[in-house]
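The values are calculated or read from the model by the stated rules, or taken from the named source; none is laboratory data. Just so we're clear, the structure is a prediction, and the values are computed from it rather than from any experiment. Note that we place each Cβ from the backbone using ideal geometry, even for glycine, and neighbour counts take in every protein chain shown.
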Amino acid sequence: MRSSDAPAATDSSAFAPTTTSGVDVTDENGSLRAERLYDETPDRIEQKRESYPRAPELQEPTGFINTNSTSLSQHLGEKVILVEFWTFGCYNCQNTHPYIQNYWRTYRDDGLVVIGVHYPEFDYEAEPSNIKEYVAETNTTYPIVVDNEGESWDAYDQRYWPTRYLIGVDGFIRYDHIGEGGYNETEQKIQALLAERDRVQQQRNATTAEAN
């Protein structure tokens, strides 16, 4: 497990253009608003606020790999999101990487979105060609947000690689893990949050049917 305080920077032109969904679903602190969910009552939202932090939106990416654009807000209310902060030169990240890819491959059709946030510790880890080479060599297919300026790293008050977060459809961080390990626990949390997502969708469909 690595720790760091200093970001590296590089030219963003080698990455996919940075665009966002344009949907404002964040509060004044840049965190995702849970109130957008159809089945969220004020009491339930307050209960979750007492137990879980809201997930900050990803901030000012340098670029993207495996996608032209991605954000948390575009998935809010629809998907369970796994966000992993990593850097390709980190040995612990390399060991964790196959598990993250497997979660994506196994559960993406069930409603899981995986977003890797690549924040470099050293200059060579900030080079676009090096990041892309690692992604290609490891057959990584989930979206990568390149965070060379550390905007998202800072938004999450990050200190360690790798760190992963699970964000429910409600926009709250429901689980986090620092370093290697915890793979079975992470998978169990994914399954539980996907089951919750299904309940939310059923409630939404029932509400829509009643309205019609």
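Flag: I190 does not match the condition of being crowded, with 17+ Cβ neighbours inside 10 Å, farther than 13 Å from Y99 by Cβ and within 19 Å of the chain's Cα centre (by Cα). All of (1) more than 15 Å from Y103 (Cα to Cα); (2) in contact with a strand residue (DSSP E or B) (Cβ under 8 Å, 6 or more places away or on another chain); (3) not in a loop (DSSP other than H, G, I, E, B) hold for D198 with one exception: (2). Could you please let me know if L72 is over 20 Å from T186 (Cβ atoms) and hydrophobic (A, V, I, L, M, F, W, C)? Criteria not met by L72. Here the condition is being modelled with pLDDT under 95, surrounded by 20 or more Cβ atoms within 10 Å (Cβ to Cβ), in contact with a helix residue (DSSP H, G or I) (Cβ under 7 Å, 6 or more places away or on another chain) and not acidic (D, E); of L37, L58, it holds for L37 alone. Can you spot a residue in region 165-176 that is under 16 Å from C93 (Cβ atoms) and either among the aromatic types (F, W, Y) or in a loop (DSSP other than H, G, I, E, B) (or both)? Within region 165-176, one or more residues are under 16 Å from C93 (Cβ atoms) and either among the aromatic types (F, W, Y) or in a loop (DSSP other than H, G, I, E, B) (or both).
Residues that are under 16 Å from R2 (Cβ atoms), buried (at least 19 other Cβ atoms within 10 Å of the Cβ) and of a type outside the set (A, V, I, L, M) do not occur anywhere in region 100-113. In this structure, does I131 turn out to be closer than 25 Å to S73 by Cβ and in a helix (DSSP H, G or I)? Spelling it out, I131 is indeed closer than 25 Å to S73 by Cβ and in a helix (DSSP H, G or I). Of the set (1) of a type outside the set (G, A, S); (2) farther than 22 Å from D176 by Cα; (3) surrounded by fewer than 21 Cβ atoms within 10 Å (Cβ to Cβ), all apply to I131 but (3). What about D170, is it charged (D, E, K, R) and surrounded by fewer than 17 Cβ atoms within 10 Å (Cβ to Cβ)? Spelling it out, it is not the case that D170 is charged (D, E, K, R) and surrounded by fewer than 17 Cβ atoms within 10 Å (Cβ to Cβ). Only residues that are in contact with a Leu (Cβ under 9 Å, 6 or more places away or on another chain) and either in a helix (DSSP H, G or I) or of a type in the set (F, W, Y) (or both) were counted in region 100-119, giving 6. What do you reckon, is I144 surrounded by 19 or more Cβ atoms within 10 Å (Cβ to Cβ) and under 25 Å from Y52 (Cβ atoms)? No: the conditions fail for I144.
Selection over region 134-157 of residues that are without any contact (Cβ under 8 Å) to a residue 60 or more places away in the chain and part of a loop (DSSP other than H, G, I, E, B) gives a count of 3.
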